Amino acid sequence: MSNPLYETAIKELEERQEDLRPSDVVLFSEPLRSAVNFVIRLGRFSLTEFAEKLPDFSREEVKRIADLLLKRRLFDLSRFATEAEPYYEARLSAMTRPLSRPPSDIWKKID
């Protein structure tokens, strides 16, 4: 018996011919939308972490979804990826640059 959630997710991804943008993720059906939002916020993630957010899907189904998102340029394959455990990097990450401490004489410069 096929998984209707998986069939819907694959249909949504295969219908698109162009690259995905941040606004396109909102149009995904659940649970794909929540899972993609979660991993985008992580920035770098493994297939196992992605599969944990899609518990109704098998690992092979999640791998196929990740491959389609890779093809649509929402994900990049990380340099840490292995055949046994693929790692991905979200092209649209919520990560920011590291903050540095302001110089100790900043108030003198402001005054």
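A short reminder: the numbers here are calculations on the coordinates, not readings from a lab. None of the values given here were measured: they were computed from a predicted structure. A quick note on method: Cβ atoms are made from the backbone with ideal geometry, for glycine too, and the neighbour counts reach across all protein chains shown.
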(request) Pop a pseudo-label 7 angstrom from the Cα along the beta-carbon direction at both residue 64 and residue 33 and give the gap in nm to one decimal. (result) 2.3
(request) Would you list, by chain and number, the aspartates and glutamates whose Cα falls below 17 Å from the Cα of residue 63, excluding same-chain residues fewer than 8 positions away? (result) 7, 12, 14, 49, 52, 76, 83, 85, 89
(request) Sum up the charges of everything whose Cβ sits under 13 Å from the Cβ of residue 67, counting Lys and Arg as +1 and Asp and Glu as -1, but leave residue 67 out. (result) +2
(request) Report the net charge of residues surrounding residue 10, where surrounding means a beta-carbon distance below 14 angstrom and charges are Lys +1, Arg +1, Asp -1, Glu -1. (result) -2
